[in-house]
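Reading through the structure tokens given below for one structure.
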Amino acid sequence: MIKEALDNDENKYTEFKTITVDYNKGYITAAVMLSRFIDLLGNIQGEALFPILITTVRQNEKQEELFAEYIHYMESRQNVTSDGRCYNALADCSNEASLLKALLEIIAKELEKRKNEPKEKPLFIHTAHLFQMAAVVDRLKDQDMVKLMFIMNFGVTDKTKGAILNMIDKANDRAFNEKLTVKYEDYFVSDLEPQQLYILHKYLEMCIAKLKGLPFKDDQKLLSNWEEEKAQEEVKKEETKNEEEEKEDRVGWGNVLMKKKAKAPRVNEPNFPSLSGGSQSGPSDNWSRSKNSSIPQRANIEFPSLGQNQNFPSLGAPPAEDFPSLSPGMKDPLEPAPVQEEKPVPPSLSEPVKQDEPLDFLRSKGIIVKQGKNKRK
């Protein structure tokens, strides 16, 4: 197909093969190959046949490289569509809000392209300048925002401001767009410094926030630099990670404690035959597992005295001469003597009775005293 497009010209076809071989060997870049291929076949046939050429390349990496270069080339050729319309991000903007949003997207994409480029200084705006910018934007009208009013007070040069305003003014200029050999947006922003673009990005973010009615003057994200935002996000991620780890630890220990169950005595207990399971009957038969509980239950177990326990034959009764206090009938010399309680004496018997007033004493105790017959006269 390519040979037919070259009118079966052997010289051109040989040149075409030389281009492909040089690219496969790494002698030329994808941009050089695309340029030479289009020059060889012409704009119309070259743009139409280049995707077919990409499929003939064996290495996947080479194919992706050629395809990316082809997309970039076609975008740069689409500043004006076939029906004569200007094709760029600002051409169809009908109001200030859509225009500011399109500008913000253009600048954000350009900064994204350059994020891996080495910088002398990090992108930074002093906090005081950010608060001043917010105060200025709060007083601007919609038309003033599009004109980038007071943007030069925050470090934007006249060249940068002029490039952005020209990009807005010539968005629908067909004659200007047809002359461009690169993408419309790249023509204006590709030569601007990253710090200039960063200031514009902050300015446009505040303008859009005001149009949406958001409290941008109190927004910590708008009033912070990107590096500070990244640091705050990293701190939040670290805190979230620590909380998740602590939660997993708590759940893990909870599972361990829930799964841990009490164990019944083992079957083989050579030192404690009474606790071992098997055919023997005795206290070990009282060990059992409840159907509703995983804890072994033991009930009604009698423990014989140490002197008569078959499990401890070596532990007999101690000799009486060694422990006289433990022998029956012997009194422990260290045992304290029992304390005898004194019986209380009735107050009526303990108090002395006066001989001269016996009847008055009895009357004070509530006893009715009557005179006897011998006393009566």
Potential extension, ILE367-HIS126 segment - 0.36 nm per residue separation minus Cα distance: 75.8 nm
Roughly what would the spin-label model give for LYS113 and ASN166, points 7 Å off Cα along C-beta, in nm? 1.7
Under the rule of at least 5 residues apart or a separate chain, name every residue whose amide H is placed under 5 Å from the amide H of VAL80. TYR87
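Just subtract the alpha-carbon distance of GLU105 and ASP142 from 0.36 nm times their residue separation and send over the number in nm, one decimal. Write out the running numbers ahead of the final one.
On the way: separation 37, 0.36 × 37 = 13.32 nm, distance 1.83 nm.
Additional length available on full extension: 11.5 nm.
Which of the peptides 106-113, 38-45, 201-208 is most tightly packed, and how do the rest follow, judged by the mean count of other Cβ atoms within 10 Å per residue? Please report the intermediate quantities before stating the final value.
Numbers: 106-113: 16.4, 38-45: 13.9, 201-208: 22.0.
Ranked by mean Cβ neighbours within 10 Å, highest first: 201-208, 106-113, 38-45.
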Roughly how many nanometres apart are two label points built 7 Å out from the Cα toward the Cβ at LEU211 and VAL21? 5.7
Solvent-accessible surface (1.4 angstrom probe) belonging to PHE154, in square angstrom, nearest 10: 20
HN-Hα couplings for the range 100-105 via Karplus (6.51, -1.76, 1.60; θ = phi - 60°), in whole Hz with x for Gly/Pro, come out as 5, 5, 5, 4, 4, 5
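I'd like to compare 8-18, 163-173: which one has the highest average count of other Cβ atoms within 10 Å, and what's the full order after that? Walk me through the intermediate numbers first.
On the way: 8-18: 12.5, 163-173: 16.5.
The packing order, highest mean first, is 163-173, 8-18.
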Cross-link list LYS119/LYS241; LYS3/LYS183; LYS119/LYS179; LYS115/LYS183; LYS62/LYS237: which exceed 29 angstrom alpha carbon to alpha carbon? LYS119/LYS241; LYS3/LYS183; LYS119/LYS179; LYS62/LYS237
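Within the range 57-155, what whole-number % of the accessible surface is contributed by carbon and sulfur, with the 1.4 Å probe and all protein chains included in the calculation?
Details: 3240 of 6550 Å².
Of all accessible area on the range 57-155, carbon and sulfur atoms account for 49 percent.
The values are calculated or read from the model by the stated rules, or taken from the named source; none is laboratory data. Bear in mind that the values here come from a model prediction, so they are computed numbers and not experimental data. Please note: Cβ atoms are built from the backbone with ideal geometry, for glycine as well, and neighbour counts cover all protein chains shown. Heavy atoms of the whole protein, side chains included, go into the accessibility calculation; ligands, DNA and RNA do not. Shrake-Rupley method; radii C 1.70, N 1.55, O 1.52, S 1.80 Å.
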